[in-house]
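Read through the structure below, which is laid out as C-alpha cells, and then see the notes.
The values are calculated or read from the model by the stated rules, or taken from the named source; none is laboratory data. These numbers were taken from a predicted model, which means no experiment stands behind them. Methodologically, a virtual Cβ is constructed for each residue, glycine included, from the backbone with ideal geometry; neighbour enumeration extends over all protein chains shown. Heads up: the accessible areas ignore ligands, DNA and RNA and are worked out on the full protein's heavy atoms, side chains in. Shrake-Rupley method; radii C 1.70, N 1.55, O 1.52, S 1.80 Å.
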Amino acid sequence: MASTLPDPIPDAHPMAASGNTSGMSAPERAGGIEAHGIDHIPDTERRGRPRELFSVWAAANVNYLSLVVGGALVLMGLSLWQAMTVIVVGNLFWVLTGLLAVPGPSAGAPSEVVTRAMYGVLGNRVNNAVTGWTISVCYFALNLAAAATAAFSLVARTGLPVNSTVKALVVVLIAAVTLTISVWGHSAIIRLYVPITLALTAVFAVLGAVVVRHTDFGYVPDRPLTGSALWAALLAGVSLIASGPLSYTTSADFSRYLPRTASPWAVAGWTAFGGFLSSVLVCGIGAFAATAVDMNDPESSLQRLLPGWFRPLFLLALVLGTVALNALTAYSAGLALQAVGIRIRRSLSVLVDGTVSVSLTLYALLVSDFLDTVGDVLQLTVVLLGPSTAVYATDILLRRNRYDGLALGDESRNGPFWYTGGFNRAGVLALGAGVAASAVCVDTAYTGPLAAALGGIDLALPAGLVVSSAVYAPLMRRIRVTG
C-alpha cells in the first residue's frame, strides 16, 4: 500500500527536465500549483516563519458565520456580558488548534498523515473519512451558504431578480473563487491572506465602530435566565463558539512547510492568536449588534445601521471572509480524501470536495431553512470533534512532538504505524469512548439521556475531551511510542 502520490510535476519545465531543481519549491516547479499532496515535505522545500500563520487564521475567522454565532448567543437569552464571557471562553479552544499545528514542521506532513500515529494506517483512513472529509465538506457547505446570503443582497442591489437560477449561479461563482485558491495551494494561501486580513480588518473596524454606537451595553433580556436554564444556555454557547477552533484538527496542514527548526511555541502561538483575536472581535460585534437589531436576519438588520456607501463593502467583506475560511477547509478536505486511500491528485480531490459541498449548499438554500440548522449542526459536530482533538493533543504531549514524517508515510504492514491489523487500539478505543460520552451528554437536535436528566445542561464538550484523554494516555503508554 503505497502512499498517495503528489501531483505530477510537469516535465516541460526546463530545469525539471535537466534534473536541476535546486532552489525551487514544489509549487514553483509546478507552475504555481502546489505539487505536494499528503506526501512528506523535504527539508529543502521548507520555507517561511511561524508569524505567517497569524494572517492565515485571522483572515479565515473574519466571516459572516462568526457574526451569526455571536448574535445567536444573545438570541439564546444571555445578557450582553454573559454572551461576551462565553465568546472569550469558547475561543480559548484556539489554544488546542495551535497545539495541533505543532507537528507540521517536525513531521513535514499534514494532520491527515500525522494522525496515523494515533489510529494506525487503516484506522486513520476511517478517521479521515469521517472527522476529516465529511466534517470539512459539511463546514464548507455551511459557510458557503452563509456567504451566499450576503452575495444575494449584492445582486439585488443591481436590480437583478434573485431567483433560484441566479442563486445557483452565485453559489457556483463563490465556490469557484474559493476552490481556485485551494487548488493553487499552500503558497497562494500564505501570500493572499496578508492583504485579505488587512482588507477585512479595515471593513470590520468600520462595522465595529458603527455597531458600538448603537450597542446597549447594559442589555439584559426581559426575562433573564436563571438556575439550570442559565447554565444550559452558557454551556451550549461555549460549545457553539468552540466548534470553530475544534473544527481545525487539520492545523498542521498549514504549518508543514515551515522549517524543521521552527519554534513549536511560535507555531502554536501565532496559530492560536490569529484565530482567537479575529474570532473574539467578530463574534463580539455580532453580540453587540444583537442588543440593537434583530440578529435572526443579521445581514439585512446590520445594513440598516450602516451608511449607504458602506453597505456594498460590508457585503463584499462577508463574502471575502468566507472565501478565505472555505479555501482552508477545501484544502484540508482534499488532503483528507487522499488520506482515505483514494489515489487522486490533490488538485482534483479539492474539486471533488467542492462539487459535493456546492450540492449540499444548494439544497440548504433552495430546499431547507439553512439558518435554522446552524446552531444544531455546530453543536452536533462537537460530539466528534472534541474527542478527536483530545486524542490528537494527548498524543503530541506523550511523544513530545517527536514525529518522523518519512515513517508516517510508510503504509506497509511492516511499518511502525500498522500496529495490529492496521489499527491502533488505543486511539480507536479512546475516540469511541469520547464520542459515546459526548453523545449521552449533548442537547441539541438530539438530546442525550444525561442531558435530559440534567434539565438540558449540555456537557458534551468537557465529557468528550476528558474521557478521550483519560482513555488514550494510559493505553498509549503501554505501546512503545515511536516517531
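Identify the residue in segment 49-94 that is open to solvent by 50 Å² or more (accessible area, probe 1.4 Å), outside any helix (DSSP H, G or I) and out of contact with any helix residue (DSSP H, G or I) (no Cβ under 7 Å at 6 or more places or on another chain) and, among all such residues, is farthest from Arg256 (Cα to Cα).
Applying the filter and picking the extreme gives Leu92.
List every residue pair whose Cβ atoms sit under 6 Å apart, with the two residues 6 or more apart in sequence or on different chains, where the first one lies in segment 227-243 and is closer than 15 Å to Leu80 by Cα and the second, anywhere, is surrounded by fewer than 21 Cβ atoms within 10 Å (Cβ to Cβ).
Here the result reads Ala233/Met76; Ala233/Gly77; Ala233/Leu225; Val238/Val89, each pair linking segment 227-243 to a residue that is surrounded by fewer than 21 Cβ atoms within 10 Å (Cβ to Cβ).
Of the residues Ala473, Ala439, which single one is under 29 Å from Ala229 (Cα atoms), of a type in the set (Gly, Ala, Ser) and out of contact with any strand residue (DSSP E or B) (no Cβ under 7 Å at 6 or more places or on another chain)?
Exactly one of Ala473, Ala439 is under 29 Å from Ala229 (Cα atoms), of a type in the set (Gly, Ala, Ser) and out of contact with any strand residue (DSSP E or B) (no Cβ under 7 Å at 6 or more places or on another chain), namely Ala439.
Which members of segment 451-473 meet the condition of being touching a residue at least 12 places away in the same chain (Cβ under 8 Å), among the hydrophobic types (A, V, I, L, M, F, W, C) and more than 19 Å from Ser247 (Cβ to Cβ)?
Within segment 451-473, Leu454, Ile457, Leu459, Val466, Val467, Val471, Ala473 qualify.
Output the residues belonging to segment 177-200 that are among the hydrophobic types (A, V, I, L, M, F, W, C) and open to solvent by less than 50 Å² (accessible area, probe 1.4 Å).
Scanning segment 177-200 gives Leu179, Ile181, Val183, Ala188, Ile189, Ile190, Ile196, Ala199, Leu200.
For segment 148-158, indicate whether the set of residues that are assigned to a helix (DSSP H, G or I), open to solvent by 60 Å² or more (accessible area, probe 1.4 Å) and within 25 Å of His36 (Cα to Cα) is non-empty.
no
Output the residues belonging to segment 291-308 that are open to solvent by 20 Å² or more (accessible area, probe 1.4 Å) and not acidic (Asp, Glu).
Thr291, Ala292, Val293, Asn296, Ser300, Gln303, Arg304, Leu305, Pro307, Gly308
Go through (1) touching a residue at least 24 places away in the same chain (Cβ under 8 Å); (2) open to solvent by 50 Å² or more (accessible area, probe 1.4 Å); (3) not in a helix (DSSP H, G or I) and name the single condition Leu406 misses.
Failing condition for Leu406: (3).
Among what's in segment 409-446 and is polar (S, T, N, Q) and within 27 Å of Gly37 (Cβ to Cβ), pick the residue that is surrounded by the most Cβ atoms within 10 Å (Cβ to Cβ).
Asn424
With respect to Thr271, determine if the residue is hydroxyl-bearing (Ser, Thr, Tyr), open to solvent by 30 Å² or more (accessible area, probe 1.4 Å) and under 30 Å from Pro50 (Cβ atoms).
No, not satisfied.
Find all pairs meeting these conditions: Cβ atoms under 6 angstrom apart; at least six residues apart or on different chains; first residue within segment 416-443 and more than 14 Å from Ala470 (Cβ to Cβ) and acidic (Asp, Glu); second residue open to solvent by less than 60 Å² (accessible area, probe 1.4 Å) and assigned to a loop (DSSP other than H, G, I, E, B).
Asp443/Gly456; Asp443/Asp458
Can you go through Val172, Val203 and tell me which one is among the β-branched types (Val, Ile, Thr), over 15 Å from Trp57 (Cα atoms), open to solvent by 30 Å² or more (accessible area, probe 1.4 Å) and in contact with a helix residue (DSSP H, G or I) (Cβ under 9 Å, 6 or more places away or on another chain)?
Val172
Among the polar types (S, T, N, Q) and over 17 Å from the mean Cα position of the chain (by Cα) - does that describe any residue in segment 125-148?
Within segment 125-148, not a single residue is among the polar types (S, T, N, Q) and over 17 Å from the mean Cα position of the chain (by Cα).
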